[in-house]
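Below is one structure; the comments refer to it alone.
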Amino acid sequence: MSAFTQTFAPISIADIPAMAADRKASGWRFVQVLAVNTENGIDLVYSFMKDGALENFKVEGVTKDDVVPSITGEFLAAFVFENEAHDLFGVNIKDIAIDFGGNFYALSQKEPMTVISPAQLAAREKAKKLAAAKAAKEAKAAAGESAAEASEASKAADMEAKLAAMDPEKAAKVRAAMEAKAKKEAAAKQAEKDAAMEAKLAAMDPEKAAKVRAAMEAKARKAAAAAQTADDAKGGE
Amino acid sequence: MGKATVIPFGPQHPVLPEPLHLDLVVEDEVVVEAIPQIGFIHRGLEKLVETRDYNQFIYVAERICGICAFGHSMGYAQTVEELMGVEIPPRAEYLRTIWHELSRVHSHILWLGLAADAFGFESLFMHCWRLRERVLNIFEKTTGGRVIFSVVCVGGVVRDIDAAQFREIIGTLEGIKSDYAKICNAFLKDTSVRNRTDGVGYISLEDARALSMVGPFGRASGLPYDVRSLGMGAYGKLSDFQPITSTAGDCYGRMEVRAKEVLQSIDIIEELIAGIPAGDIAVPVKGSPAAGAEASMVLEQPRGECYYYARGNGSKYLERMRIRTPTSINIAGMTTALAGCDLADVNMIILTIDPCISCTER
């Protein structure tokens, strides 16, 4: 039993006949040809299989002016896919063994798979911009965080060194004073945050504000309950 | 030799469940050349991938074909999972494979019925479809649907099958087996059936290889290729799997391969049910396929190897989804089989490749 593997390799238009002849001579089975519509033209993917190995050869950026040689001389079954690439994508393929000249698919629209609607284009642009903005934000946050962490760590290390050099009693007093200062600062920050939220709520529609208040209270209750559970668990241990 | 005449065949024809057109060039009732044309049922489903996210498209994929519906949702999900590096739980792999093999059983029995109808054996057609109903009942009980199941998701499956349902499935399949043996006798031994199929639409092993034929169509000419033998997913857990082949290369050979594959699929289902592991049926899948990421996959559908390709663009919408169905690649073999046949055998030959035009055009 051979295991399934797959590979993708780039080739040029000029390499297609040699690639097909080589696959044929080495006993590979033709699987398919597909086309992908991209901003740089059409990408063609030729697939072959042998003993569980699926090889995909990719020709990138084929334009309407390019002439692509047919592989039906080696693999007759490719005529279906080459006619399809012509009818649905407008790829100019020459010397197809059974060439329908654009009439293989009975379509009402010429090259329907290359049509990109304005809405679709806008959606793609938006998705791209969002992805780029997200990546930039993440990179910035990562850089800022690491810098802040480094400066905080170096400050803490300096203080620790100073405290170690001090008289132990004095050092304990300094530590207590520092903790009290940190608590005071946290409380001030929280009060500032609460005041900002109150201002926001006051500016809101009263019904919506009531809903937000209820949600905040529920969240606070949940957090308190979780803290209580954690304390109980610690006590139990 | 008489004068060459072109006879249009289809797209509407009693033997064709779906629209396919052939220009048959005939001389003295003998087909010299057959030129196919498709496009009467092209729905642009591959194009839809640009406006449906990769989770939504699974429901489009399974609507490509009413008979291979489950296979398409499974093949599509496997390709996206490959694209995103997702590994599904073993129980989900087993469940998918069990449903997929049940689909093969119903597809082959449906085809046998159509074949019986094509050579004028009406009662045999009805017996086949009566049996198929019992497989559809299994689908209804385990998935809620008879044609479209919607049980596959990217990351696994959305429904489990419990032990009681497995026992019921085994009981139903055992019942089908005994009735099926009688039907098989008619297909494989009846003189009138053999008169209609022996030596008709012959394709040699060399031609089958050169024309890249797949599925029972290729295996009937002795080509031992079956994607299941690559051991992907739960197929790798089977104690043994050998593709069923025939050396006949004609309509009879194609019927023989499909008839035997029904019993093989039932054996596979029973073995998988006996060894199905407990555990989760899906893993959560988050994020989107990376821009430019590509993956391809093959799956053995009832009609043969189906190729799937997906390309990501960094968003939840895929850049391209390609489904190359078995009938598309077998069209070349079909035209070769038709060349040189009697005009009266054209319908039989077309039917024995089990063409699915909805799949082919998508």
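The values are calculated or read from the model by the stated rules, or taken from the named source; none is laboratory data. Here the structure is a predicted model, which is why all the values come from computation and not from measurement. For neighbour counting, all protein chains shown are included, and Cβ atoms are generated from backbone atoms with ideal geometry for every residue, glycine included. What goes into the accessible areas is simple: the full protein's heavy atoms, side chains included, and nothing from ligands, DNA or RNA. Shrake-Rupley method; radii C 1.70, N 1.55, O 1.52, S 1.80 Å.
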Would you pick out the residues in the stretch B:298-314 that are assigned to a loop (DSSP other than H, G, I, E, B) and surrounded by fewer than 24 Cβ atoms within 10 Å (Cβ to Cβ)?
B:ASN313, B:GLY314
In the stretch B:352-362, how many are open to solvent by 10 Å² or more (accessible area, probe 1.4 Å) and closer than 19 Å to B:LEU24 by Cβ?
1
Residue satisfying all of: in the stretch A:93-107; open to solvent by 60 Å² or more (accessible area, probe 1.4 Å) and more than 12 Å from every other protein chain (Cβ to nearest Cβ); nearest to A:ALA35 (Cα to Cα) among these
A:LYS94
Hits in the stretch B:315-330 - residues which are assigned to a loop (DSSP other than H, G, I, E, B) and facing chain A (nearest Cβ under 8 Å):
B:SER315
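With B:ARG91, B:ARG132 as the choices, which residue is touching a His at 6+ places or on another chain (Cβ under 6 Å) and open to solvent by 10 Å² or more (accessible area, probe 1.4 Å)?
On the way: B:ARG91 fails: touching a His at 6+ places or on another chain (Cβ under 6 Å).
The unique qualifying residue is B:ARG132.
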Hey, among the residues in the stretch B:331-350 that are hydrophobic (A, V, I, L, M, F, W, C) and either within 11 Å of chain A (Cβ to nearest Cβ) or within 15 Å of A:VAL36 (Cα to Cα) (or both), which one's surrounded by the fewest Cβ atoms within 10 Å (Cβ to Cβ)?
B:ILE331
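Checking the structure you have, find out if any residue of the stretch B:154-171 is assigned to a strand (DSSP E or B), open to solvent by less than 20 Å² (accessible area, probe 1.4 Å) and on the phi > 0 side of the Ramachandran plot.
So in the stretch B:154-171, the residues assigned to a strand (DSSP E or B) come out as B:156-157.
Within this subset, residues satisfying the condition of being open to solvent by less than 20 Å² (accessible area, probe 1.4 Å) are B:156-157.
Still in the running and on the phi > 0 side of the Ramachandran plot: B:156.
The answer is yes, given that some residue of the stretch B:154-171 is assigned to a strand (DSSP E or B), open to solvent by less than 20 Å² (accessible area, probe 1.4 Å) and on the phi > 0 side of the Ramachandran plot.
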Has the stretch B:71-88 got any residue that is at pLDDT below 80 and either part of a loop (DSSP other than H, G, I, E, B) or away from every other protein chain (no Cβ under 14 Å) (or both)?
no
Just one listed residue, out of B:ARG96, B:ARG43, B:ARG63, is charged (D, E, K, R), within 14 Å of another protein chain (Cβ to nearest Cβ) and under 30 Å from B:GLY287 (Cβ atoms), and it is B:ARG43
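Are any residues in the stretch A:110-122 part of a helix (DSSP H, G or I) and either at pLDDT 75 or above or more than 8 Å from chain B (Cβ to nearest Cβ) (or both), and if so, which ones?
Of the stretch A:110-122, the ones part of a helix (DSSP H, G or I) are A:112-114, A:118-122.
Scanning the stretch A:110-122 gives A:PRO112, A:MET113, A:THR114, A:PRO118, A:ALA119, A:LEU121, A:ALA122.
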Can you tell me which residues in the stretch A:7-39 are in a strand (DSSP E or B) and out of contact with any Phe, Trp or Tyr (no Cβ under 7 Å at 6 or more places or on another chain)?
A:THR7, A:PHE8, A:PRO10, A:VAL36, A:THR38
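Residue-wise test of (1) within 12 Å of chain A (Cβ to nearest Cβ); (2) open to solvent by less than 20 Å² (accessible area, probe 1.4 Å); (3) modelled with pLDDT of 90 or more.
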{"position": "B:ILE203", "(1), (2), (3)": "no, yes, yes"}
{"position": "B:GLU206", "(1), (2), (3)": "no, no, yes"}
{"position": "B:ALA220", "(1), (2), (3)": "no, yes, yes"}
{"position": "B:GLY233", "(1), (2), (3)": "yes, no, no"}
{"position": "B:PRO243", "(1), (2), (3)": "yes, no, yes"}
{"position": "B:SER246", "(1), (2), (3)": "no, yes, yes"}
What is the one condition in (1) among the aliphatic types (A, V, I, L, M); (2) open to solvent by 30 Å² or more (accessible area, probe 1.4 Å); (3) modelled with pLDDT under 90 that B:VAL193 does not satisfy?
(2)
Does B:ALA295 fit the bill of being open to solvent by 10 Å² or more (accessible area, probe 1.4 Å), of a type outside the set (Val, Ile, Thr) and at pLDDT 90 or above?
no
So which of A:GLU84, A:GLU39 is modelled with pLDDT under 90, facing chain B (nearest Cβ under 10 Å) and either out of contact with any strand residue (DSSP E or B) (no Cβ under 7 Å at 6 or more places or on another chain) or closer than 24 Å to B:THR336 by Cα (or both)?
A:GLU84
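Considering only residues that are on the phi > 0 side of the Ramachandran plot and within 7 Å of chain A (Cβ to nearest Cβ), which ones fall in the stretch B:295-314? Before you say what the answer is, go through the steps one by one.
Residues of the stretch B:295-314 that are on the phi > 0 side of the Ramachandran plot, as a first pass: B:304, B:314.
Selection gives B:GLY314 alone.
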Report, ordered by the first and then the second residue, all pairs with beta carbons closer than 9 Å, sequence separation of six or more or different chains, a first member in the stretch A:175-187 that is within 19 Å of A:LYS162 (Cα to Cα), and a second member that is at pLDDT below 90 and assigned to a helix (DSSP H, G or I).
A:ARG175/A:LEU163; A:MET178/A:MET159
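How about the stretch B:59-78: which of its residues are closer than 18 Å to B:MET297 by Cβ and either open to solvent by 10 Å² or more (accessible area, probe 1.4 Å) or more than 18 Å from the chain's Cα centre (by Cα) (or both)? Give the steps one after another, and end with the answer.
Kept after step one, since they are closer than 18 Å to B:MET297 by Cβ, are these residues of the stretch B:59-78: B:60-62, B:64-65, B:68-78.
Matches in the stretch B:59-78: B:VAL60, B:GLN78.
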Give just the number: which of (1) closer than 30 Å to B:ILE161 by Cα; (2) within 14 Å of another protein chain (Cβ to nearest Cβ); (3) open to solvent by 10 Å² or more (accessible area, probe 1.4 Å); (4) outside any loop (DSSP other than H, G, I, E, B) does B:ARG228 not satisfy?
(3)
Search the stretch B:271-292 for residues being more than 14 Å from chain A (Cβ to nearest Cβ) and free of Cβ contacts under 8 Å to residues at least 40 places away in the same chain, and hand back the single one that is least open to solvent (accessible area, probe 1.4 Å).
B:GLU271
Identify the residue in the stretch B:16-36 that is assigned to a strand (DSSP E or B) and more than 14 Å from every other protein chain (Cβ to nearest Cβ) and, among all such residues, is nearest to B:CYS65 (Cα to Cα).
B:LEU24
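Working carefully through the options B:PHE139, B:PHE149, find the one that is in a helix (DSSP H, G or I), in contact with a Phe, Trp or Tyr (Cβ under 8 Å, 6 or more places away or on another chain), open to solvent by less than 60 Å² (accessible area, probe 1.4 Å) and touching a residue at least 12 places away in the same chain (Cβ under 8 Å).
Values: B:PHE149 fails: in a helix (DSSP H, G or I).
It is B:PHE139.
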Kindly indicate whether any position in the stretch A:56-76 is open to solvent by less than 10 Å² (accessible area, probe 1.4 Å), within 13 Å of another protein chain (Cβ to nearest Cβ) and within 22 Å of B:GLY292 (Cα to Cα).
yes
